[in-house]
Amino acid sequence: MAGQYDLEEQERIAELKAWWEDNRWYLLAAVVAAAVAFGGWTTWQHYKQSNAEDASAMYTPVAAAVKAKDAKALDDTAKALMAKHPNSFPASQAALFAAKTSFEAGKLPEAREKLEWVVKNGPKELQGVARLRLAAVLMDEKKYPEALTVLDANKDEAFAAGAADLRGDVMLAQGRLDEARASYKAAIEKADARNPVKNIAEVKLNALGGSK
């Protein structure tokens with residue numbers, strides 16, 4: 001019976017890891033969207049009212065490159081905006097788009113560099129987004145201690161549930177199942193009913209046999 005249970009548990013873990021590989025970036029997008037929607041919009045409105053026409057104008061070709069799925073144009077225009085207006089909301093938004101493109105192309109060091117830049121220079125709302133995505137990239141690079149350090153640095157309650165959920169993924173990747181379960185349980189507890197993290201963490205926790 002014990003051997004059968006171990007095999008079933010191993011199958012669940014393998015399925016969960018495969019599911020994460022296929023959906024990780026999209027899940028992170030869902031997780032952070034709820035947290036930044038209002039704050040990001042408020043910051044952007046304030047920024048526009050501050051007469052930063054140049055940064056807004058420089059963001060236009062970034063948006064065009066995103067729409068056209070032109071990776072080179074996106075990288076070039078994002079870097080130009082980041083260099084000229086490093087503390088602006090549009091620059092951090094451009095960096096996040098460029099990081100996503102690098103990530104999807106398998107260029108993890110490039111994605112990591114851009115995300116680290118947003119964590120250092122971006123507005124609070126986008127720092128939280130970048131921190132979660134940076135931890136995910138570090139996890140893909142199997143830099144598990146570094147990923148946990150990035151997650152530990154989160155002090156924003158809006159991202160607490162997402163950070164706990166991602167901590168569970170890092171623990172799972174290392175085979176630390178009890179700690180993964182505890183992290184998913186913490187994510188569920190920290191997320192309110194409208195936060196997509198709650199359902200995501202519940203799925204993962206159940207896949208690992210629930211709380212033990």
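Just so it is clear, none of the values below were taken in a lab; they were calculated from the coordinates. Given the structure is predicted, the values throughout are model-derived calculations rather than measurements. Methodologically, a virtual Cβ is constructed for each residue, glycine included, from the backbone with ideal geometry; neighbour enumeration extends over all protein chains shown.
Model label sites at N199 and R176, defined 7 Å from Cα along the beta-carbon direction, differ in position by 3.0 nm. For Y144 and D76, calculate 0.36 nm times their separation in residues minus their Cα-Cα distance, and state this gained length in nm to one decimal. That pair, Y144 and D76, stretches by 21.4 nm at full extension. Label-to-label distance, A57 versus K120, with points set 7 angstrom from Cα along the beta-carbon direction: 2.9 nm.
Among F97, F89, the order by Cβ neighbours within 10 angstrom, fewest to most, reads F97, F89. Exposure proxy shown here: for Y184, Y59, the number of other Cβ atoms within 10 Å sets the order, fewest to most, as Y59, Y184. Legend: distances between Cα atoms for K84/K107; K69/K114; K114/K142; K72/K114; K114/K143; pairs beyond 22 Å are K84/K107. Shown in residue order for the stretch 175-183 are the 3J(HN,Hα) couplings computed by the Karplus curve 6.51 cos²θ - 1.76 cosθ + 1.60 at θ = phi - 60°: x, 8, 5, 4, 5, 5, 4, 4, 5 Hz (x for Gly and Pro).
Each residue of the stretch 74-89 was assigned a 3J(HN,Hα) from its phi angle through the Karplus expression (A = 6.51, B = -1.76, C = 1.60, θ = phi - 60°), giving 4, 4, 5, 5, 5, 4, 5, 5, 5, 6, 8, 10, x, 9, 8, 4 Hz with x at Gly and Pro.
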